[in-house]
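The structure appears right after this line, and notes come after that.
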Amino acid sequence: MFNPSRDEVRQFFTETWRKQREGAILTPLEAMAADWIAEHPEYHAELTDAEAAQAQDYSPERGQTNPFLHLSMHLAISEQLSIDQPPGIRAAHERLAARLGSAHDAQHAIMECLGETIWEAQRTGLPPDTDAYLQRIERRATRD
């Protein structure tokens, strides 16, 4: 399993954004990342300054969203959707997107479910429970 360091993740996104702005050729993963970066203009300035991005410490106590974590979660969810893993996530995403009015909003809702699932796994020391993850998404997709 690929397990990049914090610096490698940040370099990937800043380099992808640089290549996108310059019109350079992107790998398929970079193209997917560039699409998500384009959806988040609030991160453009941070991604433009690669040196500052490497040094920045994002802390919830300071009320900061980590753009690299946020974009990484978008990529992870996009990959899950592309292979329908866990099985049923693609259909749940479609229902959620219809309910919320956009695929982007649906991804953000799934992101909350993913975060909760990862937090639970870290707390219990067990692998992430994919059944519970999908159930969380299903509950969000069917809320009134």
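A compact table of results
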{"read-out": "Hits in the range 82-106 (condition: exposed (fewer than 13 other Cβ atoms within 10 Å of the Cβ), outside any loop (DSSP other than H, G, I, E, B) and either touching a helix residue (DSSP H, G or I) at 6+ places or on another chain (Cβ under 8 Å) or polar (S, T, N, Q) (or both))", "value": "82"}
{"read-out": "Among residues of the range 88-111, those that are in contact (Cβ under 8 Å) with a residue 12 or more places away in the chain and under 26 Å from residue 3 (Cβ atoms), counted", "value": "5"}
{"read-out": "Of residues in the range 4-54 being among the aromatic types (Phe, Trp, Tyr) and under 24 Å from residue 82 (Cα atoms), the one surrounded by the fewest Cβ atoms within 10 Å (Cβ to Cβ)", "value": "12"}
{"read-out": "Pick from the range 1-33, criterion in a helix (DSSP H, G or I) and among the small types (Gly, Ala, Ser), ranking: farthest from residue 103 (Cα to Cα)", "value": "31"}
{"read-out": "Some residue of the range 34-54 being in a helix (DSSP H, G or I), in contact with a His (Cβ under 9 Å, 6 or more places away or on another chain) and in contact (Cβ under 8 Å) with a residue 40 or more places away in the chain", "value": "yes"}
{"read-out": "Test: residue in the range 71-81 that is in a helix (DSSP H, G or I), touching a residue at least 60 places away in the same chain (Cβ under 8 Å), out of contact with any Ser or Thr (no Cβ under 6 Å at 6 or more places or on another chain) and of a type in the set (Gly, Ala, Ser)", "value": "yes"}
{"read-out": "Single residue of 132, 109 found to be under 20 Å from residue 40 (Cα atoms), part of a helix (DSSP H, G or I) and touching a helix residue (DSSP H, G or I) at 6+ places or on another chain (Cβ under 9 Å)", "value": "109"}
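Coordinate-derived values only; no laboratory data. From a predicted model like this one, the values you see are computed outputs, not experimental measurements. Note that we place each Cβ from the backbone using ideal geometry, even for glycine, and neighbour counts take in every protein chain shown.
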